[in-house]
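Heads up: the structure comes next, in structure tokens.
Rule-based calculations on the coordinates, nothing more; no lab input. Keep in mind that what you see is a predicted model, and the values were worked out from it rather than measured. So basically every Cβ, Gly included, is an ideal-geometry build from the backbone, and we count neighbours across all protein chains shown.
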Amino acid sequence: MHILVTNDDGILSPGLLALAQALKPLGKVTVLAPDRNWTASGHVKTLERPLRVREAVLFDGSPGFSTDGAPSDCVALALLGVLPEPVDLVVSGINAGENVGHDVTYSGTVTAAMEAAIWGLPGVAVSLQLPEAPPRLPDYAPAAAMARRVVERVLRFGLQQGALLNVNVPYLPLEAIRGIRITRQGLRIYRDELVKRLDPRSRPYYWIGGEAPSGVPEDGTDFGALHEGYVSVTPLQLDLTAHSLLDGLRGWEWE
Ligand code: MN
């Protein structure tokens with residue numbers, strides 16, 4: 001069993017190390033991750049510039065690889081042959097912050113797992129919900145333990161080709177986590193605000209600012225599960241077709 005571990009927070013992220021360490025008992029783990037933070041970079045395929053891959057050393061002294069590509073590039077590079085050994089499973093994370101609702105289209109963590117799905121491999125994205133004022137060094141150990149539980153089951157039961165799992169863990173001690181809920185995508189409430197400032201030459205520049213997003217804590221959803229203290233496991237697929245609209249759209253008098 002050869003597991004590729006990547007993330008979108010960058011090769012130095014403590015969440016990546018916690019995930020790689022937690023998965024080691026399940027097989028050979030290779031880390032290939034971006035050399036910087038790609039949070040909210042979406043699903044990227046870098047075609048207009050070359051990509052470099054460098055040997056890296058994780059904080060526990062174990063070897064890995066970093067690239068100047070995006071999380072999804074990491075997966076593509078590994079599967080295209082940068083890693084000589086075939087990969088069986090891709091696990092991405094542990095992201096600093098939950099990825100729920102519409103986040104999945106922004107998330108580099110989730111899109112790395114989506115890239116695995118495109119290649120016909122099982123992909124798992126793991127994110128840790130952080131409190132509003134997160135500690136300088138969040139504790140990733142509970143999320144790492146839960147990630148291992150999920151990956152163990154992916155290996156045991158198999159995941160339908162083209163599917164991926166989006167795993168979100170509440171920021172609680174392991175014994176306080178109430179269990180695992182299988183959920184659907186919920187609804188995010190974004191609170192983005194335009195922040196306009198002036199550069200030293202008095203030209204305006206913009207930040208997308210505002211408070212962190214919240215969500216609708218509806219039963220059965222990813223955000224709802226986190227809200228209740230459960231780990232959320234959402235099966236995702238890349239077919240974004242709005243099937244409920246097909247028939248109505250056909251009736252738009254196209255002839
Ligand atoms: Mn991130």
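Take the eigenvalues of the Cα gyration tensor for the range 2-61, scale each by 5, and report the square roots as semi-axes in whole Å, largest first.
They are 22, 12, 12 Å, listed largest first.
Let me see the pair-distance distribution of the range 56-123: every alpha carbon pair, 5 Å bin width, integer percents in order.
It works out to 4, 16, 24, 25, 19, 9, 3, 0, in whole percents.
What shape does the chain take by its C-alpha gyration tensor, where a ≥ b ≥ c are the square roots of the eigenvalues and a/c under 1.5 counts as rounded, a/b above b/c as prolate, and the rest as oblate?
Taking the square roots of the gyration eigenvalues as a ≥ b ≥ c, the chain is rounded.
Report the full-extension gain for the segment VAL195 to ASP60: residue separation times 0.36 nm, less the Cα-Cα distance, to one decimal in nm.
44.7 nm
What is the list of residues in the range 26-61 whose amide nitrogen lies under 16 Å from a point 7 angstrom out from the Cα of LEU83, following Cα to Cβ?
26-35, 53-58
So which trypsin sites (Lys or Arg not before Pro) in the range 136-243 end up in coil per DSSP with only 11 or fewer other C-beta atoms within 10 Å?
ARG136, ARG201
Over the Cα atoms of the range 198-255, what Rg and Dmax result, in angstrom?
Both quantities, over Cα of the range 198-255: 21.2, 58 Å.
Pull up the cross-link candidates among the lysines for LYS196, meaning alpha carbon to alpha carbon under 27 Å and not fewer than 8 places away within one chain.
Output for LYS196: empty list, no partners.
Among the complete DSSP H segments of the chain, which ones combine at least 20 Å of alpha-carbon extent along their axis with a mean Kyte-Doolittle hydropathy of -0.5 or more?
Sorted by number, the helices that extend far enough and score high enough are 141-157.
Between the DSSP loop rule and a limit of at most 15 other Cβ atoms within 10 Å, which trypsin sites (Lys or Arg not before Pro) in the range 1-51 are left?
ARG36, LYS45
Pick out, in residue order, every one of the chymotrypsin sites (Phe, Trp or Tyr not before Pro) in the range 216-255 that is DSSP loop and has at most 14 other C-beta atoms within 10 Å; say none if there are none.
Passing both the DSSP loop test and the Cβ count: TRP252, TRP254.
Kindly state, as a whole number, the per residue volume in cubic angstrom of the convex hull around the alpha carbon atoms of the range 1-128.
Per-residue hull volume (Cα only) is 92 Å³.
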